[in-house]
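As structure tokens, the structure follows; a few thoughts come after it.
The values are calculated or read from the model by the stated rules, or taken from the named source; none is laboratory data. Keep in mind the model is a prediction, meaning the values are calculated, not measured. Methodologically, a virtual Cβ is constructed for each residue, glycine included, from the backbone with ideal geometry; neighbour enumeration extends over all protein chains shown. With ligands, DNA and RNA removed, areas are computed over all heavy atoms of the protein, side chains included. Shrake-Rupley method; radii C 1.70, N 1.55, O 1.52, S 1.80 Å.
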Amino acid sequence: MKTDRLGELLPQRTLGSTGKSVTMLGTGGAHVGRAESEREAQAIVETSLEGGVRFYDTAHVYQNGRSEERYGKYLTPEHRDLVFLMTKSTAKDETTAREHLEDSLRRMRTDYLDLWQVHSLKDPEDVDLRIEQGVLDVFEKAKAEGKVRHIGFTGHTSPWAHKRMLERTDIFETVQMPINCADPSFESFIVNVLPALVDRKMGILAMKTLSNGGFFGGDKQFEHGSHPKLVPDRVSFEEALTFAWSHPISVLITGPDDASQMQQKIEIAKDFHPMDEEQQQKLVDRVSDRAGNIVEFYKQVVEPV
């Protein structure tokens, strides 16, 4: 087990062809940003660090910068050398992308990012627009200048956006996308995108493992709700996370509601035992009748291009 000055790290996985090792669990910055108090945000970060998490996700857009600012308060001042720090930009043009990068570096009090990602691709047309408006050029230049070590892209709306980006360029090293047991039955990233990422030896960042509240009956970001619940009615909390880790992902990025839930996820990671393909399929079959826009409310049906 690898250690650093804070103690034991969670098990690590290789981030695609980058050669970097990252902890199998990553902390989701949107939840750090939306924590009701500075004290709770700090507790989430400290629980993550103490539990051996060394991958930290956020985005320029989260809470109008508050998520990044909280990392700049509670993470980077003392622990920048220990962590793999990632943020993302929703920029649609090169000028905005440059501004986002400088904002993010300033807010998080760092002079470089370990990973910067083109964020929240919607559909193939969105991909084409960002390429035409020079966004990718800014990402390549930032990497050449050493302001970012690695670059990637994200999205949760449609797998066809991801496929379009893969068709148009090979500059990216990582991809962030939904990986959960409802996904294979509706507009699936696992079915339509994952095999190509494995072939290209890209770092795969899993998100929406609990469907951002959708598994708890929610129908909007971060919220539980009154819809039928997959967790715990059909799937246990542990099964949902184990399903994702049993795929060829580098890191599972998860946003905890509070520090205690972060600790729960850390304990599941420590005790991880992979599901075989038959066990995975049984889980997919168990929830397939509920898969769709109610559970994965963030997806849209987009025609492939």
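Conditions tested, residue by residue: (1) within 27 Å of S17 (Cβ to Cβ); (2) modelled with pLDDT under 95; (3) in a helix (DSSP H, G or I).
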| site | (1), (2), (3) |
| --- | --- |
| I249 | yes, no, no |
| P256 | no, yes, no |
| Q263 | no, no, yes |
| Q280 | yes, no, yes |
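Kindly list, by first and then second residue, each pair from a residue in region 27-45 that is under 10 Å from P256 (Cα atoms) to a residue that is open to solvent by 60 Å² or more (accessible area, probe 1.4 Å) and outside any helix (DSSP H, G or I), limited to pairs with Cβ atoms under 7 Å and residues at least 6 apart or on different chains.
From region 27-45, the pairs are H31/D257.
Quick one: in region 106-142, of everything that is over 23 Å from S67 (Cα atoms) and among the basic types (K, R), which residue is least open to solvent (accessible area, probe 1.4 Å)?
R130
Looking only at region 49-82, filter to residues that are aliphatic (A, V, I, L, M) and assigned to a loop (DSSP other than H, G, I, E, B); which one of those is most open to solvent (accessible area, probe 1.4 Å)?
Here the residue is V61.
Picking from K299, K229, K265, which residue would you name as being buried (at least 18 other Cβ atoms within 10 Å of the Cβ) and closer than 19 Å to P159 by Cβ?
Details: K229 fails: closer than 19 Å to P159 by Cβ; K265 fails: closer than 19 Å to P159 by Cβ.
Answer to the selection: K299.
Return the residues of region 282-296 that are surrounded by 14 or more Cβ atoms within 10 Å (Cβ to Cβ) and either of a type in the set (S, T, Y) or farther than 30 Å from L9 by Cβ (or both); say none if nothing qualifies.
V284, R286, V287, S288, R290, A291, G292, N293, I294, V295, E296, listed by residue number.
Say whether the condition of being modelled with pLDDT of 95 or more and at positive phi is met by at least one residue in region 222-234.
Looking through region 222-234, none of the residues is modelled with pLDDT of 95 or more and at positive phi.
What residue, of E36, E46, E40, is more than 23 Å from K147 (Cα to Cα), part of a loop (DSSP other than H, G, I, E, B) and open to solvent by 10 Å² or more (accessible area, probe 1.4 Å)?
The match here is E36.
Looking at this structure, is G146 free of Cβ contacts under 8 Å to residues at least 40 places away in the same chain and either over 22 Å from A30 (Cα atoms) or surrounded by fewer than 20 Cβ atoms within 10 Å (Cβ to Cβ) (or both)?
Judged against the criteria, G146 is a match.
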